[in-house]
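The values are calculated or read from the model by the stated rules, or taken from the named source; none is laboratory data. Here the structure is a predicted model, which is why all the values come from computation and not from measurement. As a convention, Cβ positions derive from the backbone with ideal geometry for all residues, glycine included, and neighbour counts pool all protein chains shown.
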Amino acid sequence: MDLVVVSNRVARAKANEPMTGGLAAALLPVVEKSGAIWVGSSGRVRDNATKDSFAEIESLGAGALALLDLPAAHYGGYYEGFANSALWPALHSRTDLIRVSQDDYQSYREVNAFMARALMRFRKPGTMFWIQDYHFLALGAEMRDLGVRNPLGFFLHTPWPARRVIAGVPHHRELIEAMLAYDLIGFQTDDDCENFATYLRTDLGLEVDAGIVTSRFGTSRIATFPIGIDVDGFSAQAQRAASHPDVSRLRKSLHGERLAIGVDRVDYSKGLVNRISAFDRLFEMQPSLKRSVSLLQIATPSRGGIEAYSNLQDELSKQVTEVNGRHGEVDWTPIRYLSKGFSQTVLAGFYRAAQVGVVTPLHDGMNLVAKEYVAAQNPIDPGVLVLSKFAGAANELDTALLVNPHDIDGMARTIATALSMPAPERRMRWEAMMAKLRAGTIHSWFADFIDALENARSTAGPVLPSATVRPLRAVGARLYN
Ligand code: G6P
């Protein structure tokens, strides 16, 4: 099987380097094993970028990593603009944060078209292309315009919101029509898939029957593929990490104190302000817990060029200072707040050292930190996961302590419950979660999607020849809204 995986951000194969975001960390082991070519942005831009501007092509396990320099003139409008200031807020139901210009949309389309041209280098007759995430909603349609008839799959790592919410994105109709160039469109949860189907039915007037939809591109299938992790690999990494110097330093610093841990990119979807407020409330409600527990919050700076993100960084720093000032003591800091990233190895060790994992996003596609926290635990003395019911992971990890991240008092009470949970109950909940993780690993996710993509092609019939597909830009003017 020839497979090309495409995502904006890619991971390098180094376990001792920090990684940004769940997507890159999740894909690394499967690309390494499968022998796929993983194409993504090099993170660099060029004034004279061409479809051949591959900065590097290097081997990655049995596969390869091909990093492309993107056109300087369009990168900002594509990444900070349309992808992260229009699509990301809408996909997380924060239409109030949408800030976008017509130029940003143009740049987004230009970068999608640019990537499509660059991918031609890897096209052979049997090659399957699997495109990842909201950066490339229109990439499949651009490839079809270039005459590509190979199987094209797409997976969305974020939630897909209600139809009235996605309608807050300029050009939503044109983009969602373009998505139907993919043979298979995968979502994290049934709710996301159903929201998408409702949009197709209601706004595009298409019939969706048992996940099959027919459009001007031919037939596409939409389905749910909850992403997992490399459970055994991560668990082994957590055991080994016990001897890592950073992990030993953390353990030594605790002096018998218990630890709760949160690991997130600084993003408004992650519910960080509410989480810190919940700890503030916890120490107010139960002063006896002071000095006996602290929160280690790793808050990796993210998308700092976007105002909503830099504002959040400032707000969090202020809030942490206030909470520490209020409850802290000369020799005890309630919130240990670190604005930097750590390697997967060190994180695995940190998770194992923490008695409580707090994963409380306001809205999240899946949230792999929740799954990693569980996999990292010591089976004899596992920690407790406090998980937002608005994370995709809550569908599977239903024996975690589920919380509403808007209910600060409720979260504080649940964290207190987690801290006092007896070992037999912790083990029972943990074993049930491990069984779920084992039932859906990153390896089965990958294999299931590829199988479904192969089948989508064999059952869907031929894609219309390129000449009969109206080029998107020709219909654009009519569909802009
Ligand atoms: C989320 C997205 C990924 C993205 C990651 C990190 O997990 O779904 O596509 O790579 O955030 O964000 P960044 O903008 O730094 O790539």
> Among the numbered criteria (1) surrounded by 15 or more Cβ atoms within 10 Å (Cβ to Cβ); (2) modelled with pLDDT of 95 or more, which single criterion is violated by A423?
Replying inline: (1)
> Under 7 Å by Cβ, and 6 or more places apart or on different chains, what pairs join a residue from the stretch 67-80 that is small (G, A, S) with one that is more than 13 Å from the ligand (Cβ to nearest atom) and in a strand (DSSP E or B)?
Replying inline: A72/V45; A72/R46
> Going by the conditions given, is S310 among the polar types (S, T, N, Q) and assigned to a loop (DSSP other than H, G, I, E, B)?
Replying inline: no
>> Here is a list: A236, A210, A242, A197. Which entry is surrounded by 15 or more Cβ atoms within 10 Å (Cβ to Cβ) and not hydroxyl-bearing (S, T, Y)?
In response: A197
>> I want to confirm something. Restricting to the stretch 250-272 and keeping residues that are out of contact with any Phe, Trp or Tyr (no Cβ under 7 Å at 6 or more places or on another chain) and part of a helix (DSSP H, G or I), which single residue is farthest from the ligand (Cβ to nearest atom)?
In response: K252
>> Quick check on the stretch 120-133. Is at least one of its residues within 23 Å of the chain's Cα centre (by Cα), among the hydrophobic types (A, V, I, L, M, F, W, C) and assigned to a helix (DSSP H, G or I)?
In response: no
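When you look at V111, is it away from the ligand (no atom under 15 Å from the Cβ) and either part of a loop (DSSP other than H, G, I, E, B) or in the same structural domain as A49 (by TED's automatic domain parsing) (or both), yes or no?
On the way: away from the ligand (no atom under 15 Å from the Cβ): no; either part of a loop (DSSP other than H, G, I, E, B) or in the same structural domain as A49 (by TED's automatic domain parsing) (or both): yes.
No.
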> In the list G140, G205, G147, which residue meets the criterion of being without any contact (Cβ under 8 Å) to a residue 60 or more places away in the chain, small (G, A, S) and surrounded by fewer than 18 Cβ atoms within 10 Å (Cβ to Cβ)?
Replying inline: G205
>> Quick check on the stretch 119-128. Is at least one of its residues within 15 Å of the ligand (Cβ to nearest atom) and either closer than 21 Å to A456 by Cα or among the aliphatic types (A, V, I, L, M) (or both)?
In response: no
> Which of the residues spanning the stretch 274-286 are crowded, with 16+ Cβ neighbours inside 10 Å and part of a helix (DSSP H, G or I)?
Replying inline: N274, R275, I276, S277, A278, F279, D280, R281, L282, F283
> Which residue pairs have Cβ atoms closer than 6 Å, lie 6 or more positions apart in sequence or on different chains, and pair a first residue in the stretch 384-399 that is under 17 Å from I415 (Cα atoms) with a second residue that is charged (D, E, K, R)?
Replying inline: V384/R426; T399/R429
>> Step by step: first the residues of the stretch 287-305, then only those that are closer than 25 Å to L254 by Cα and within 16 Å of the ligand (Cβ to nearest atom), then the one that is surrounded by the fewest Cβ atoms within 10 Å (Cβ to Cβ). Which residue is that?
In response: T300
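From the residues in the stretch 313-348 that are of a type in the set (A, V, I, L, M, F, W, C) and outside any strand (DSSP E or B), which one is farthest from the ligand (Cβ to nearest atom)? Walk me through it before giving the result.
Step one: filter the stretch 313-348 for residues of a type in the set (A, V, I, L, M, F, W, C), giving 316, 320, 323, 330, 332, 335, 338, 342, 346-348.
Checking the rest, the ones that are also outside any strand (DSSP E or B) come to 316, 320, 323, 330, 342, 346-348.
Details: L316: 17, V320: 22, V323: 26, V330: 37, F342: 15, V346: 19, L347: 15, A348: 18 Å.
Ranking the qualifying residues of the stretch 313-348, first place goes to V330.
Within the stretch 134-154, count every residue that is among the aliphatic types (A, V, I, L, M), part of a helix (DSSP H, G or I) and within 16 Å of the ligand (Cβ to nearest atom).
Start the filter on the stretch 134-154 by keeping residues that are among the aliphatic types (A, V, I, L, M), which leaves 137-139, 141, 143, 146, 148, 152.
Imposing the further condition that a residue be part of a helix (DSSP H, G or I) reduces the set to 139, 141, 143.
Okay, now just the ones that are also within 16 Å of the ligand (Cβ to nearest atom), so 139.
Here the count works out to 1.
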>> Residues that are at pLDDT 95 or above: list the helices (runs of 4 or more DSSP H) wholly contained in the stretch 1-96 that include at least 3 such residues.
In response: 72-76, 88-91
